[in-house]
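A.B. asks: My questions all concern the structure below.
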Amino acid sequence: MSCVPVADDGDTCANCGKQGSDTVKLKNCTACRLVKYCGVDCQRAHRKQHKKACKQRAAELKDEQLYSQGHERPEGDFCPICTLPIPLPTSKHSVFNLCCMKRICHGCDMAAQKSGMNDDCPFCRTHYPKAGADSLAMIQARAAKKDPVAINFLGEKYFFGELGLQKDMRKAVELWTKAAELGS
């Protein structure tokens, strides 16, 4: 079979120029899906001309597949003050403030302390509670206002039995379910 290379217009063989029809089924290049061929012979004959563009497009398709898998950092992994990402693990590089349920990076927390805000939250300016009962009351007040982060946090406290709460798995699961329904 003698094939003469032709310009590709979309519905023709990239090598010989045959039009696709009911009798001639054109098949896409499996790697790049940019060009079509009427058969294996045309694909082999056109390989030298097509190889560079094919490899480039195949790499682009692979990148699209990898980047579309949704591996983004959650909104809570960014400091609400400086808007920089908090290094992982976030629990070691930030503080969690019960008053506003915000995670603040150590840099912003240290800057607030240097400016004299030792007893106030750098985000909402609320005075930090002194005792565990005050902390619990603050969390419960936010949970009563249907704050999903506060409800989730309260569920964790019930799960581990912290802040003077008795360990209660059922209550923890109930709170986590409610938080999930509210968008936590």
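The values are calculated or read from the model by the stated rules, or taken from the named source; none is laboratory data. Note that the structure is a prediction, hence the values are computed from the model and not measured. Neighbour counts are summed over all protein chains in view; Cβ atoms, including those assigned to glycine, are modelled from backbone coordinates with ideal geometry. Calculation scope for accessible area: heavy atoms of the full protein, side chains included, ligands and nucleic acids excluded. Shrake-Rupley method; radii C 1.70, N 1.55, O 1.52, S 1.80 Å.
A.B. asks: Out of the residues in the range 143-152 meeting the condition of being among the charged types (D, E, K, R) and touching a residue at least 24 places away in the same chain (Cβ under 8 Å), tell me which one is nearest to L98 (Cα to Cα). Working first, answer last.
C.D. replies: Start the filter on the range 143-152 by keeping residues that are among the charged types (D, E, K, R), which leaves 145-147.
This time we only want the ones that are touching a residue at least 24 places away in the same chain (Cβ under 8 Å), so: 146-147.
On the way: K146: 15, D147: 12 Å.
Among residues in the range 143-152 that are among the charged types (D, E, K, R) and touching a residue at least 24 places away in the same chain (Cβ under 8 Å), the one nearest to L98 (Cα to Cα) is D147.
A.B. asks: When the residues of the range 122-163 are narrowed to those that are more than 23 Å from G107 (Cα to Cα) and polar (S, T, N, Q), which ends up farthest from the chain's Cα centre (by Cα)?
C.D. replies: So, considering only residues that are more than 23 Å from G107 (Cα to Cα) and polar (S, T, N, Q), the one farthest from the chain's Cα centre (by Cα) is S135.
A.B. asks: Check Q65, Q49 and return the single one that is open to solvent by 90 Å² or more (accessible area, probe 1.4 Å), within 20 Å of D11 (Cβ to Cβ), part of a helix (DSSP H, G or I) and out of contact with any strand residue (DSSP E or B) (no Cβ under 7 Å at 6 or more places or on another chain). Walk me through it before giving the result.
C.D. replies: Working: Q65 fails: within 20 Å of D11 (Cβ to Cβ).
Every option except Q49 fails the conditions.
A.B. asks: Where residues in the range 162-180 are loosely packed, with under 13 Cβ neighbours inside 10 Å and not in a helix (DSSP H, G or I), which of them is modelled with the lowest pLDDT?
C.D. replies: By that ranking, first place goes to G164.
A.B. asks: Please work out if R125 is open to solvent by less than 70 Å² (accessible area, probe 1.4 Å) and of a type in the set (D, E, K, R).
C.D. replies: Working: open to solvent by less than 70 Å² (accessible area, probe 1.4 Å): no; of a type in the set (D, E, K, R): yes.
So R125 does not fit the description; no.
A.B. asks: Return the pair list, or none, for Cβ contacts closer than 6 Å from residues in the range 153-179 that are farther than 18 Å from A131 by Cβ to residues that are surrounded by 14 or more Cβ atoms within 10 Å (Cβ to Cβ) and acidic (D, E), at least 6 apart or on different chains.
C.D. replies: Short answer, once both residue conditions are applied: Y158/D168.
A.B. asks: Residue by residue through the range 68-88, note down the ones that are part of a loop (DSSP other than H, G, I, E, B), modelled with pLDDT of 85 or more and touching a strand residue (DSSP E or B) at 6+ places or on another chain (Cβ under 7 Å).
C.D. replies: Residues satisfying the conditions are C79, P80, I81, C82, L84, I86.
A.B. asks: Consider the range 25-45. How many of its residues are within 16 Å of D11 (Cα to Cα) and assigned to a helix (DSSP H, G or I)?
C.D. replies: Residues meeting the conditions: 2.
A.B. asks: Another question, if that's okay. Within the range 89-99, how many residues turn out to be assigned to a loop (DSSP other than H, G, I, E, B), at pLDDT below 90 and closer than 23 Å to Y128 by Cβ? Before you say what the answer is, go through the steps one by one.
C.D. replies: Step one: of the range 89-99, the residues assigned to a loop (DSSP other than H, G, I, E, B) are 89, 93, 98-99.
Remaining after also requiring at pLDDT below 90: 89, 98-99.
Going one step further and asking which of them are closer than 23 Å to Y128 by Cβ, we end up with 98-99.
Qualifying residue count for the region: 2.
A.B. asks: For the range 83-107, enumerate the residues that are farther than 20 Å from N152 by Cα and buried (at least 19 other Cβ atoms within 10 Å of the Cβ).
C.D. replies: Pass one, the range 83-107, residues farther than 20 Å from N152 by Cα: 83-88, 93, 105-107.
Across the range 83-107, the qualifying residues are I86, C105.
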